[in-house]
Amino acid sequence: MTCYALIPAAGSGSRLAAAQPKQYLALAGKPMLWHAVAALCRTPVEMVFVVLAPGDRAFAGYDWSAFAGKIEPLYCGGESRRDSVYNGLVAAMAAVQADDWMLVHDAARPCLPPADLSRLYEECRNDGIGGILALPVADTVKRVNKDETGAQRVAGTEDRNQLWLAQTPQMFRAGLLAQALRQAKGAVTDEASAVEQLGLKPRLVLGSRENLKVTWPEDLAVAQAILSRR
């Protein structure tokens with residue numbers, strides 16, 4: 001069984017309000033993207049494809065020699081995550097077979113624990129569909145509406161026992177994932193949601209809180225602490 005990985009890294013990370021795309025922000029002396037690649041290269045992946053914006057000039061300025069022979073930049077990123085992942089899959093198909101596994105991982109998840117990745121791989125490698133790392137929701141979840149003044153008001157409380165938080169990597173056969181993304185309609189914020197539109201039910205594999213997604217400025221300090229401790 002052959003396994004590849006793909007990291008969409010064509011975004012700007014606008015919510016972080018940084019002076020540069022967040023995938024290049026420094027963490028533990030390396031760009032955030034470096035740590036995401038490193039986590040995937042600790043597994044038996046043949047190649048990590050990094051999907052970059054066509055005009056990206058930053059990637060070539062960093063030292064990627066630690067991953068020699070296992071990393072390939074693809075300058076075909078699109079306007080959305082869905083576009084970047086799909087374009088990357090199409091570009092990678094020269095080396096990847098439709099039945100090969102593809103791990104899609106966020107560039108903004110630099111702290112992926114090896115144990116989480118191993119668990120995903122072992123639980124999904126023989127699954128007929130594939131699956132994702134995820135965490136059961138621990139906090140009480142409120143549904144909200146805006147009132148006439150624009151203030152957010154509680155409209156109801158959701159049953160958190162039925163809710164999980166999706167993480168990455170998400171692991172699917174390359175051909176299935178390409179088909180799902182090509183046919184998907186509406187908002188597709190992760191790969192699993194596209195696969196679900198085919199009527200399939202991806203497997204949930206327990207992740208961990210260390211695998212946080214760096215979204216807000218305060219997340220940088222948490223990620224730095226995790227990486228520094230390892």
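The values are calculated or read from the model by the stated rules, or taken from the named source; none is laboratory data. Everything numeric here is computed off the predicted structure, so don't read it as measured data. Note: ideal-geometry Cβ built from the backbone for every residue, glycine included; neighbour counts use all protein chains shown. Calculation scope for accessible area: heavy atoms of the full protein, side chains included, ligands and nucleic acids excluded. Shrake-Rupley method; radii C 1.70, N 1.55, O 1.52, S 1.80 Å.
Assuming Ala98 fulfils every condition listed in (1) within 22 Å of Ala180 (Cβ to Cβ); (2) small (Gly, Ala, Ser); (3) within 18 Å of the chain's Cα centre (by Cα) apart from one, which condition is it?
Just one mismatch for Ala98, condition (3).
Every residue in the range 134-145 that is in a strand (DSSP E or B), touching a residue at least 12 places away in the same chain (Cβ under 8 Å) and polar (S, T, N, Q), please.
none
If we only count helices (runs of 4 or more DSSP H) wholly inside the range 24-133, which ones have 1 or more residues that are open to solvent by 60 Å² or more (accessible area, probe 1.4 Å)?
Those helices (runs of 4 or more DSSP H) span 81-92, 114-124.
Which residue, of Ser118, Ser193, is among the hydroxyl-bearing types (Ser, Thr, Tyr) and free of Cβ contacts under 8 Å to residues at least 12 places away in the same chain? Please lay out each step first, then the result.
Values: Ser118 fails: free of Cβ contacts under 8 Å to residues at least 12 places away in the same chain.
Testing whether each residue is among the hydroxyl-bearing types (Ser, Thr, Tyr) and free of Cβ contacts under 8 Å to residues at least 12 places away in the same chain leaves just Ser193.
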